[in-house]
Amino acid sequence: MDQATGRAQDAQSLPVCYRHPERETGIRCTRCERPICPECMVSASVGFQCPDCVRGGSGTGHSPAAAQPRTLAGGTMTADPRLVTKVLIGLNLAFFLVQQAVGERFTNQFELVGQASYHLLGPIEGVAEGQYYRLLTAMFLHGSFIHILFNMLSLWWIGGPLEAALGRARYLALYFVSGLAGSALSYLLAAPNQPSLGASGAIFGLFGATAVLLRRLNYDMRPVLALLVINLIITFNPGFNIAWQAHIGGLVAGVVTGYAMVHAPRKNRALIQYGTCALVLVVVVAMTVIRTTQLA
């Protein structure tokens, strides 16, 4: 009688699961020591853990972000590795449709030009007049259907795989840094009244970063190098009237930034990668200031 009473008291003293108060359990989380029932137990390297500890630390003692799969450059793996490329293509197409609908008035307002007047007695416009936004907006304008078709096909073929390798944030930083570098070099070296527009500077940056990536992975570089050479030949062909400055500026920035993206050591990787982007932007600002001073 006494033994039966003792067993009943032991059963009554069992703790209950912190998530299911109606369930008694003798198992506790190895991290927080809260009682957990069989439904809530998550197997760990030693014992079991509760769902909250697993969500809060991935069962490893690290933050969940530290346990997420990463790209070669340290970016976060995503369900759609080409999302940013699709968005960029969409933006370029949207701006081109606006150009077609509104006409030259829209293009003249947002294309890259150093210093010029679009009308005989009109005001002087351009980056030198404080319209610095043109360095960015020119990256999303195109001069013809062939122009945008070629650029968007290149962006899809080159940009998609590169985005998957770098991750969204690093890929986006590379794209804009390269495009701005191309715009700045064009502003610095081209005639002040020579307009330029197009995503080519950013795309040449993607070309350069892709070559660096393929070299890092020991892949066959001949296809991308052949494509790059063909594009450079077209760039310097006077018959095509291409702003070669934007292409070269984007290419150099892409190689430099791409090298930092794929060769940065794991320790302080993000600091080195984004620090390199910041340094390239400093050069962009310096070129812009120098040219603006010259034209002032």
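So the values come out like this:
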{"quantity": "Kirkwood Rh, angstrom, the chain [1 / mean 1/r, Cα pairs]", "calculated": "22.6"}
{"quantity": "V98/D52 FRET efficiency (R0 45 Å; Cβ-Cβ; nearest 0.05)", "calculated": "0.35"}
{"quantity": "Potential extension, V16-K267 segment - 0.36 nm per residue separation minus Cα distance", "calculated": "85.9 nm"}
{"quantity": "Loop-resident sites, the stretch 179-243, for chymotrypsin sites (Phe, Trp or Tyr not before Pro), counting at most 13 other Cβ within 10 Å (DSSP)", "calculated": "Y219, F236"}
{"quantity": "Spin-label model distance (nm) - I234 vs N218, 7 Å beyond Cα toward Cβ", "calculated": "3.4"}
{"quantity": "Label point at V285 placed 7 Å out along Cα→Cβ; residues across the stretch 228-251 whose backbone nitrogen lies under 15 Å", "calculated": "none"}
{"quantity": "Environment charge at I272 (Cβ cut-off 14 Å; Lys +1, Arg +1, Asp -1, Glu -1)", "calculated": "+4"}
{"quantity": "Under the span-like rule (Cα at least 20 Å along the axis, Kyte-Doolittle mean at least 1.0), DSSP H helices of the chain", "calculated": "83-102, 200-217, 269-295"}
{"quantity": "Value at 222 nm in deg cm²/dmol, rounded to 500, when DSSP H runs of n ≥ 4 in the chain each add -39,500 (n - 2.57)", "calculated": "-18500 deg cm²/dmol"}
{"quantity": "Loop-located trypsin sites (Lys or Arg not before Pro) in the stretch 214-283, at most 11 other Cβ atoms within 10 Å (DSSP)", "calculated": "R266, K267"}
{"quantity": "Estimated FRET transfer efficiency when R0 is 41 angstrom, pair A296-S43 (beta carbons, to 0.05)", "calculated": "0.05"}
{"quantity": "Rg and Dmax of the stretch 104-175, Cα atoms only, in Å", "calculated": "16.0, 51"}
{"quantity": "Percent RCO, i.e. relative contact order, over the chain, from Cα pairs under 8 Å lying at least 6 residues apart", "calculated": "16"}
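Read-outs: derived from the displayed coordinates by stated rules, not from any lab. Source: prediction; values computed, not measured. Here Cβ is always computed from backbone atoms with ideal geometry, including for glycine, and neighbour counts include all displayed protein chains.
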